[in-house]
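Below is one structure, written out as structure tokens, with a few remarks after it.
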Amino acid sequence: MMPAYDVVVAGAGPAGSAAARACAEHGLSVICLEEQAGIGYPVQCAGLLSLAAFDECAVSRHSLQNAVTGARVVSGAGHALVIDAKTPKAFVVDRGMLDREMAEAAANAGAEFRLKTAVCGVTDNRVITRGINGHEEFSFKILIAADGPRSTIARTYGMERAPVFLAGIQAEGKHDWDPGLVELYPDASPEFFGWVIPSGNGRVRAGLCGTTQVWERFSAFVRRIGLSSDMHLVTGTIPLGVMPRTYARRTLFVGDAAGFAKPTSGGGVYNGIRSARHAAAVAVSCCEHDTFSDRSLAEYERRWQADIGRELALGYRLFLMRQHLSPETIDQLILAMSDEKIIDQIVQYGDMDRPGKIAGILLRNPSLFRFLSPFLISGIRSFL
């Protein structure tokens, strides 16, 4: 007999586990299907979470490896902008440990987990899987697709995807780095940036994202910063720009499967969990009222739009604007932003997860406006 559940969750990353936990806590029968043999691996994340993002995970502090208080932005010409709040602004975490703890919390709430089980198709109200138990089918009332940027479910439905996909490479190795500051290198990747994240105990994570020549740029970057040969490499894909429609056929798309990564940083945990909570709330309502039409599912899109939609839209436009900034302009901006008043504003109003407020303040600053006015005229201004 085919197993039947109120909610099937595809993917046991932070978004999937958060959705599974929230649904189970409301009394729904839930199973979470994960294609990997272990939760949290392979690691495909830089592991830098804002304080708010870590709080959204609702776990202990066991996965914390370091706390950072600010950032140092370095131009290709060597000029640096240092922003240090002198108080923790973000945590560096062991993502494998974090993901496992989130899954454990969902299991304790009553959600079932099935590892080595990949969703390979959806027919009517059934997901079709292949894995450790061969081919299986699970029926559902609501399907929550948290199956990552390559989402099999979205492809099965023929859904239009995120407009941009970045490829990322990161290495971890030994380096004598300031443990309190993340370093950002805009010129390391013209489409995005390179980063160095101190992970504690004399180790750092260095990487970059881009659309072309990613390996070549990464190799040049690690040589440039002098990262040791004791390296552990990870790769990943970051979707930028939310898919035009995030629900269909009793299915709600959350996290990277929907394109909820932050366009300004590539981080996916905060928005992924926020979207998962909205999806769970809609799933609970649909099951309580026994209604699963697209009209009912549309409430999910209204909820996340009201919560994070404006920030995602503005962030994507800032990402597009970044594509037109030359290394020379970036260097001039870094010099202009090295003003004590501007730095104080960034410290006071900056928010890794919701950068809209500080973006509006900076884009109106006369000393920066002369660099950015051509891009403001092309559309950013309407969002401020």
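Worth a mention:
- Long pairs among K89/K341; K262/K341; K89/K357; K86/K341, criterion Cα-Cα beyond 23 Å: K262/K341
- Positive-end ranking of C287, Y300, G96 along the dipole of the chain, with charges on Cβ about the Cα centre, is headed by Y300.
- Sites listed here are GluC sites (Glu not before Pro) in region 114-176 whose DSSP assignment is loop and whose Cβ has at most 13 other Cβ atoms within 10 Å: E160.
- Summed over the residues of region 15-65 and divided among them, the accessible surface reaches 41 Å² per residue at a probe radius of 1.4 Å.
- Think of it as helices only: each DSSP H run of n ≥ 4 in the chain is worth -39500 (n - 2.57), and spread over all residues that comes to -11000 deg cm²/dmol at 222 nm.
- Under 5 Å, built H, 5+ apart or other chain: amide partners of Q36: K116, T117
- Whole-Hz Karplus values for region 134-151 come out as x, 8, 9, 10, 10, 8, 9, 8, 9, 10, 9, 8, 10, 9, x, x, 8, 2 Hz, taken residue by residue from phi with 6.51 cos²θ - 1.76 cosθ + 1.60 and θ = phi - 60°; glycine and proline positions read x.
- Net dipole in debye of the chain [+1 Lys, Arg Cβ; -1 Asp, Glu Cβ; about Cα centre; nearest 20]: 600 debye
- Dipole axis of region 160-227 (+1 Lys, Arg; -1 Asp, Glu on Cβ), positive-most option in I225, G173, S189: G173
- Between 0 and 90°, nearest 10: helix 214-225 axis offset from the chain longest Cα axis: 50 degrees
- Think of region 17-175 as a dipole: +1 on every Lys or Arg Cβ, -1 on every Asp or Glu Cβ, centred on the Cα centre; then among G38, N125, A106, G38 lies furthest on the positive end.
- For region 105-120, 3J(HN,Hα) computed residue by residue from phi via the Karplus equation (6.51, -1.76, 1.60; θ = phi - 60°) reads 5, 5, 5, 5, 7, x, 6, 8, 10, 10, 8, 6, 9, 9, 6, 10 Hz, glycine and proline entered as x.
- Net length gained if the chain between D124 and A58 were fully extended (0.36 nm per residue, minus Cα distance): 20.4 nm
- Degrees separating the helix 340-349 axis from the principal Cα axis of the chain, which is the longest one: 10 degrees
- Split the chain at each of the trypsin sites (Lys or Arg not before Pro) in a DSSP loop with at most 10 other beta carbon atoms within 10 Å, and the longest piece is 87-384.
- Accessible carbon and sulfur surface of region 119-177 relative to its total accessible area, %, 1.4 Å: 46 percent
The values are calculated or read from the model by the stated rules, or taken from the named source; none is laboratory data. What you are looking at is a predicted structure, and each value in this text was computed from that prediction instead of being measured. Ideal geometry is used to build each Cβ from the backbone, glycine not excepted, and the neighbour counts take in all protein chains shown. Accessible surface areas use protein heavy atoms only, side chains included; no ligands, DNA or RNA. Shrake-Rupley method; radii C 1.70, N 1.55, O 1.52, S 1.80 Å.
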